[in-house]
Amino acid sequence: MSWDFSTEPEFQQKLDWMTVFVREEIRPLETLELTWPQLLKAIAPLQREVKAHHLWAAHLDPELGGQGYGQVKLGLMHEILGSSPLGPLVFGCQAPDSGNAEILAAVGTDEQKRRWLDPLLAGEKYSAFALTEPDNAGADPVNLQTTAVRDGDSWVLNGHKWFISNASTADFVIVVAVTDPDAERHRRASQFIIPIDAPGLDVVRDIASMENPSPRENTYGSHCEVVLRDVRVGADALLGNPGDGFLISQKRLGPGRIHHCMRWIGQSNRAFDMMCERATYRFAHGNVLGEKQTVRNWIADSAAEMQALRLMTLQAAW
Ligand SMILES: Cc1cc2nc3c(=O)[nH]c(=O)nc-3n(C[C@H](O)[C@H](O)[C@H](O)COP(=O)(O)OP(=O)(O)OC[C@H]3O[C@@H](n4cnc5c(N)ncnc54)[C@H](O)[C@@H]3O)c2cc1C
């Protein structure tokens, strides 16, 4: 039984290496305004180094080229990687590609794995996941309106999606669409793998976000509006069985929630360090900010909240 809140020494060594690597090699890239192709070129040598350290695509099982680490180790890795928006990309475990790889591995046919999963894992293709729609609450996706209608050997998709991360740089997108409107509400939707250049699929724009208030075209980290107008795909585009859309989504959301939480803790750690650093030299009204009681309270409260969140997330992972 282990209940000592410490990481085994061999794995801690890997985490220590990651901490330095993210700080020294990855974060400096954030200061460059690189287009997507330029970024891919810049990170290629770093991705090779990650692979040499056996830390590439660690969310997957060894037979898929991953490390089979399980959620606690992955959580600790994501805490470090989340401190930079480029961290997960360099380690081959960025959302939404990691979740897409998980569902392709879980329910994809051999042919779908060969065509989509293998290049995704190799870092040769990138992907997006399109569930959320502007006219329905994303928190309650049983109200989805995007449809996929069977027409002979094809499916024809129509709908409107938004906040679709990385759609403007993706090679393919997994779209959730209603295939049986009369079914029980969690059995109505199915998932489809669609090449991003499929006729009728339009990546309309990158939506502004807090991270990126003025998005530039062809850069990493977009959250896009996507319209599907009579997008026709073959029967082989269907992922899993008709009606399994929600079931498949849960396979990605369980681990995905933990990864997201740990990445946000990594972001919080970085912001916290900046706050503490600033407090040591900003001089106002007779002394530095860090000597004022209110600022000290803010710092202490932040540290306590972050520690509580970290332990809760790691317990969920465990
Ligand atoms: C940066 C970013 C990236 C994203 N990437 C993707 C992506 O790649 N693919 C994709 O499909 N989607 C993506 N999304 C969309 C995301 O999944 C939705 O924003 C999310 O599901 C919430 O849906 P909504 O925005 O429609 O909010 P709503 O569902 O309309 O919620 C509005 C408010 O109501 C609250 N609320 C909702 N239900 C309840 C309830 N039962 N009780 C109390 N309060 C409630 C919510 O907390 C929220 O404050 C992304 C969003 C963002 C911001």
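Of the set (1) crowded, with 23+ Cβ neighbours inside 10 Å; (2) out of contact with any strand residue (DSSP E or B) (no Cβ under 7 Å at 6 or more places or on another chain); (3) polar (S, T, N, Q), all apply to Ser127 but (2). For segment 275-293, indicate whether the set of residues that are crowded, with 16+ Cβ neighbours inside 10 Å and of a type in the set (Ser, Thr, Tyr) is non-empty. No.
Here Val107 clears all of (1) at pLDDT 95 or above; (2) among the aliphatic types (A, V, I, L, M); (3) near the ligand (Cβ under 8 Å from one of its atoms) except the condition numbered (3).
Please count how many residues of segment 190-231 are part of a strand (DSSP E or B) and free of Cβ contacts under 8 Å to residues at least 60 places away in the same chain.
Taking segment 190-231 first, the residues part of a strand (DSSP E or B) are 190-195, 201-206, 223-231.
If we keep only those that are free of Cβ contacts under 8 Å to residues at least 60 places away in the same chain as well, we get 190, 192, 194-195, 201-206.
Residues flagged as part of a strand (DSSP E or B) and free of Cβ contacts under 8 Å to residues at least 60 places away in the same chain within segment 190-231 amount to 10.
Criterion applied to Met262, Met274 was being modelled with pLDDT of 95 or more, under 14 Å from the mean Cα position of the chain (by Cα) and assigned by TED's automatic domain parsing to the domain that holds Ala316, and the one residue passing it is Met262. Here is the figure for segment 129-139: residues that are near the ligand (Cβ under 6 Å from one of its atoms) and farther than 20 Å from Ser222 by Cα total 2.
Applying the set (1) touching a Lys or Arg at 6+ places or on another chain (Cβ under 7 Å); (2) assigned to a helix (DSSP H, G or I) to Leu76 leaves exactly one unmet item: (1). For segment 233-241, does any single residue satisfy the condition of being surrounded by fewer than 20 Cβ atoms within 10 Å (Cβ to Cβ), under 21 Å from the mean Cα position of the chain (by Cα) and either away from the ligand (no atom under 15 Å from the Cβ) or within 19 Å of Trp36 (Cα to Cα) (or both)? The answer is no, given that none of the residues of segment 233-241 is surrounded by fewer than 20 Cβ atoms within 10 Å (Cβ to Cβ), under 21 Å from the mean Cα position of the chain (by Cα) and either away from the ligand (no atom under 15 Å from the Cβ) or within 19 Å of Trp36 (Cα to Cα) (or both).
Summed over segment 232-259, the residues that are of a type in the set (A, V, I, L, M) and either at pLDDT below 95 or part of a helix (DSSP H, G or I) (or both) give a count of 6. Look at Leu55 and say whether it is in contact with a helix residue (DSSP H, G or I) (Cβ under 6 Å, 6 or more places away or on another chain) and in contact (Cβ under 8 Å) with a residue 24 or more places away in the chain. When the stated conditions are applied, Leu55 does not pass them.
The values are calculated or read from the model by the stated rules, or taken from the named source; none is laboratory data. What you see is a predicted model, and the numbers here were worked out from it, not measured in a lab. As a convention, Cβ positions derive from the backbone with ideal geometry for all residues, glycine included, and neighbour counts pool all protein chains shown.
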